[in-house]
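What follows is one structure encoded as structure tokens, with my remarks underneath.
The values are calculated or read from the model by the stated rules, or taken from the named source; none is laboratory data. Just so it is clear, the model here is predicted, and its values are computed rather than measured. When we count neighbours, we look across all protein chains shown, and the Cβ atoms used for this are built from the backbone with ideal geometry, even at glycine. Each accessible area value is taken on the protein alone, full model and side chains, heavy atoms only, with ligands, DNA and RNA left out. Shrake-Rupley method; radii C 1.70, N 1.55, O 1.52, S 1.80 Å.
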Amino acid sequence: MKPNKSLFHLPNTKFCTLAINRLHFFHYFRSYSSCRISPMHKSFNKSARLYLSKMQSQILPISISISNPFFPNRTPPSSIMPASAAAHAGAVFLNMEDGDGDDLAHSSIEDGKKFETTPFLPRVSSYDSVNSTSMASTVTSSVSYQQRRRRAASDSNLSDFPGGRRRFFCHNAGRADGDSFFITRFGSKLWARIRSGYSIITGFLALQCYAILIMPGVLQVAYYYYFSSQVRRDIVFGDQPRNKLDIYLPKDNGKNDSPKPVIAFITGGAWVIGYKAWGSLLGRHLSGTDVIVACIDYRNFPKATISEMVKDASRGISFVCNNISEYGGDPNRIYLMGQSAGAHIAACALVEQAIIECDATQSTTWSVSQIKAYLGLSGGYNLYNLAEHLHTRGPYKSLFYSIMGGEESLRKYSPEISVQDPNNKKAVSLLPPIILFHGTADYSIPADCSKTFVDTLQRVGAKAELMLYEGKTHTDVFVQDPMRGDDKLFDDLVAIVYAGDEEALAKQVSAPPRRRLVPEFMLKLAAKISPF
């Protein structure tokens, strides 16, 4: 009978085993190279020929036994190579001409050790125990093993991501939520920026309109400031920029024998636009009553934070206390005054100086005992409360904290909190009388700021008094009313400075009324659009 030469009816068992082994080897190598070392086209043929030329047997030496379903009673050949030899053969086969060949071969062997949890083909003890289903199981096992290797390679690649494959897919699953959160956060920040920019723009425009409406009075005061012989401008008191002050002298220039009372004034400006010339209206009015006014300048934010501002103010106060007699002032009748942000700076300088004087190891250039009284106009003295209020209308907390040198500085530069510290009890006893002025309609810095500070001072044993102006805004008391010629603050200041001096008070009563600088309708309109 003529033998059938189809693949499944080979009369030679050795040839059948050879065919199966070679098919298995090239299938294994193609699968392995596609997963691990795809770019080795040039070195593949050369390495393969080198390996095949050194093989002593045509049967591929692998570490497993293969069943022969056609001749179940034949025993397998004894020349099967162990696993270590197969690994060595794989290393020779994968040896490339470039420098990465050894590393790739080594890594492939190590990866094989990791993933080879089951044999490539099912192990059997002999050919005799194999039936007709062994070929199907062999093919199925081979395919499933290749799938497991591909899955393992995919897992190893995904493991490069933080958290591995599981975290990677969880991250993808939550990407929609993450994008929504990002968009929401971006939108909120954008809206805050737009809102902040809108507030800045509208505030700037309101300020411009306000300045135009009060311009007639500003021009008259500016002429007095630059051309009057009663004003001594830009007197240097320190080595820092803007360490200068202006002095407003009485009409007689202090030529009479009696020294004049002095008000050391620190202007406001939200810690950002403060300037000594802002006190020219006050200096113009008070100098007409034989009171010397010294307007102290200081560095503003962002060139300085609150600590530098307080230092500048303290240097200016020191200059006034030690040198005002040269300008006809009385060094024993010096009143410290501040308006808005200037009131806060002046109060900080006063409390800080009192604390320093209680420390015998520190030297001082002026003393709180030289200050007859502290006069605070429309100021804020508790920065925690003030920050919450200003955040609703500007400046926002982030900017406010920057001005104050960080949130941790709020406690130190809050006079209302400092005077309650038990360690500062002696310093509080050194403070002069404190008189605070505030308008009840002030929405820039509420009148409650002055109320709580006065209550706190009285509770800790300091002398404090509050004077409220009904229906007055932040600028009414300091700008509009003086330009009207009906300045209640001016009258109160004269009464405080000349308290007990009947002759001086009678002189002020008989003085001619102050002249109006701006028409009333313009002042009313300015009050409505004022950004302060």
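Of note:
- When Rg and the Kirkwood Rh are both derived from Cα coordinates, the Rg/Rh ratio for region 386-439 amounts to 1.07.
- Multiplying the residue separation of E408 and S429 by 0.36 nm and removing their Cα-Cα distance gives an extension gain of 4.9 nm.
- Where labels lie 7 Å past Cα in the beta-carbon direction, separation of A506 and E465 in nm: 2.3
- Debye log10 I(q)/I(0) for region 445-514, one point scatterer per Cα, at q = 0.15 Å⁻¹: -0.67
- Label-point separation, E520 to D359 (7 Å along Cα→Cβ), nm: 5.5
- All alpha carbon pair distances within region 316-465 were sorted into 10 Å bins beginning at 0; the resulting P(r) in whole percents reads 11, 40, 34, 14, 1.
- Debye intensity ratio I(q)/I(0), log10, region 246-351, q values 0.18, 0.19, 0.21, 0.22 Å⁻¹ (C-alpha model): -0.78, -0.85, -1.00, -1.08
- From most to least packed by mean Cβ count within 10 Å, the peptides 447-455, 264-272 give 264-272, 447-455.
- 3J(HN,Hα) from dihedral phi, region 303-308, Karplus parametrisation 6.51/-1.76/1.60, rounded to Hz, x for glycine, proline: 5, 8, 9, 4, 5, 5
- Annotation: extensible slack from A206 through Y275 equals 22.9 nm (criterion: 0.36 nm per residue apart, minus Cα-Cα distance).
- Across all Cα atoms of region 380-532, the radius of gyration (one decimal) and Dmax (whole number) stand at 18.5, 53 Å.
- Using the alpha-carbon positions of region 322-385, Rg (one decimal) and Dmax (whole number) come out as 13.3, 42 Å.
- With a Förster radius of 30 Å applied to the beta-carbon distance between M215 and T440, the computed FRET efficiency rounds to 0.60.
- Largest first, the residues F319, F437 sort by 1.4 Å accessible area into F319, F437.
- Global form of region 270-327, assessed from the alpha-carbon gyration tensor, a/c cut-off 1.5: oblate
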